[in-house]
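Undergrad: First, the structure itself, so that you have it in front of you.
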Amino acid sequence: MHHPDRLMAVTDGGLFLSHDGGETFEGRNGGYQTQQFYANVGNSSGNPDLCIAGMQDNATAIYRGDPAWTRVLGGDGLSAAIRPGNDNIMYGSYQYLALNRSTNGGINWQGIGSQINENAAFNGPFELAPSNPDIMYAGAKSLWRSNNAGQNWTKVTQEVDEGSFIITIAVNPANSGQLYFSTAPSNTDQARVFKYVSGAAPQLMTGLPNRYCMDINWHPTDQETAWAVFGGFNTQHVWRTVNGGQSWEAMDNGLPDVPVNTMVMDPDNPEIIYIGND
């Protein structure tokens, strides 16, 4: 039967139905597993049934062990985190590094990033320092640090690489004053990786491909060893340093030439490494 007032809209946010010629719409997304999660899912350190994650054009959502997730915040959900040892303290963000914190398990939220007064990438990153989660880093055109769980922020570098945007941050698990970060080009044609040591200017890592560095991981017990993975094509994608970033070695070892977007090491056996491709 023909219904002239019924129409459907398909958007990057999902499928929506109108019964009144487009005056109002209702979602038709229940039951579909179609969400696209961004990187940096926040996991509880003690509860395997608790995590928080951001979704493309579909807000941030919390998983508590039930089939349905609970949506919080809004916009494009991006980086998220849960404080180790305290599941009540959660962090979420939406586009351009709009940071938020909850102290009651995601029921209420407060903006915490207003002092970061410069442009950031659409998916601007933030990270909690594993050795001291009161210390946080956020990446815009500069690197920013908070010593009090995001309440106050201080710029710890100048604008990096002619105003390029920071897109990935990895904090040393044993030393909150050391980290690697990567940039996406803005005014240059180079995507780069830097090492930052507190109080010093960022050090450019050389010998790596001119591709977006999508993820960086420190070895859990060897502070001289770290891994970086890269997107793009016509390059090697998995790289390792064993001397604190002085030199890097390609470790693709026969992997196909496809973008690598994420990696993780088994914390109990860091010789076992997993990567995620396009």
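Undergrad: For the stretch 57-83, give me each residue that is over 17 Å from the mean Cα position of the chain (by Cα), in contact (Cβ under 8 Å) with a residue 24 or more places away in the chain and surrounded by fewer than 19 Cβ atoms within 10 Å (Cβ to Cβ).
TA: Let us first name the residues in the stretch 57-83 that are over 17 Å from the mean Cα position of the chain (by Cα), namely 63-72.
So of that shortlist, the ones also in contact (Cβ under 8 Å) with a residue 24 or more places away in the chain come out as 70, 72.
Of everything in the stretch 57-83, just one residue is over 17 Å from the mean Cα position of the chain (by Cα), in contact (Cβ under 8 Å) with a residue 24 or more places away in the chain and surrounded by fewer than 19 Cβ atoms within 10 Å (Cβ to Cβ), namely Thr70.
Undergrad: In addition: Please go through the stretch 24-51 and give me each residue that is modelled with pLDDT under 90, open to solvent by 60 Å² or more (accessible area, probe 1.4 Å) and either among the hydroxyl-bearing types (Ser, Thr, Tyr) or in contact with a His (Cβ under 7 Å, 6 or more places away or on another chain) (or both), ordered by number.
TA: Tyr32, Thr34 - these are the residues of the stretch 24-51 that are modelled with pLDDT under 90, open to solvent by 60 Å² or more (accessible area, probe 1.4 Å) and either among the hydroxyl-bearing types (Ser, Thr, Tyr) or in contact with a His (Cβ under 7 Å, 6 or more places away or on another chain) (or both).
Residue by residue, here is whether (1) open to solvent by less than 60 Å² (accessible area, probe 1.4 Å); (2) touching a Ser or Thr at 6+ places or on another chain (Cβ under 7 Å); (3) at pLDDT below 95 holds:
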position	(1), (2), (3)
Thr183	yes, yes, no
Glu224	no, no, no
His237	yes, no, no
Val258	yes, no, no
Asp266	yes, no, yes
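Undergrad: Filtering the stretch 189-204 down to residues that are farther than 15 Å from Thr157 by Cβ and not polar (S, T, N, Q), which residue is surrounded by the most Cβ atoms within 10 Å (Cβ to Cβ)?
TA: Ranking the candidates gives Ala191 first.
Undergrad: Looking at the stretch 38-51, which of its residues are in contact (Cβ under 8 Å) with a residue 40 or more places away in the chain and more than 16 Å from Phe126 (Cα to Cα)? Spell out the reasoning first.
TA: Let us first name the residues in the stretch 38-51 that are in contact (Cβ under 8 Å) with a residue 40 or more places away in the chain, namely 38-40, 42, 44-47.
Matches in the stretch 38-51: Ser44, Ser45, Gly46, Asn47.
Undergrad: Still on this model: Which one of these does Asp5 not meet: (1) more than 21 Å from Leu97 (Cβ to Cβ); (2) open to solvent by 80 Å² or more (accessible area, probe 1.4 Å); (3) under 26 Å from the mean Cα position of the chain (by Cα); (4) among the charged types (D, E, K, R)?
TA: (3)
Undergrad: May I ask you to say which residue of Gly105, Gly111 is without any contact (Cβ under 8 Å) to a residue 60 or more places away in the chain, open to solvent by less than 30 Å² (accessible area, probe 1.4 Å) and over 17 Å from Phe181 (Cβ atoms)?
TA: Selected residue: Gly105, the only one of Gly105, Gly111 that is without any contact (Cβ under 8 Å) to a residue 60 or more places away in the chain, open to solvent by less than 30 Å² (accessible area, probe 1.4 Å) and over 17 Å from Phe181 (Cβ atoms).
Undergrad: Do we have Asp76 as acidic (Asp, Glu) and touching a strand residue (DSSP E or B) at 6+ places or on another chain (Cβ under 6 Å) here?
TA: In short, yes.
Undergrad: Return the only residue of Gly21, Gly54, Gly13 being among the small types (Gly, Ala, Ser), open to solvent by less than 60 Å² (accessible area, probe 1.4 Å), in contact with a strand residue (DSSP E or B) (Cβ under 8 Å, 6 or more places away or on another chain) and touching a residue at least 24 places away in the same chain (Cβ under 8 Å).
TA: None of the others qualify; the one that does is Gly54.
The values are calculated or read from the model by the stated rules, or taken from the named source; none is laboratory data. As the structure is a computational prediction, the values presented were derived from the model and not from experiment. Note that each Cβ is placed from the backbone with ideal geometry, even for glycine, and that neighbours are counted across all protein chains shown. When the accessible area is computed, the model is the full protein with side chains, heavy atoms only, and any ligands, DNA or RNA have been set aside. Shrake-Rupley method; radii C 1.70, N 1.55, O 1.52, S 1.80 Å.
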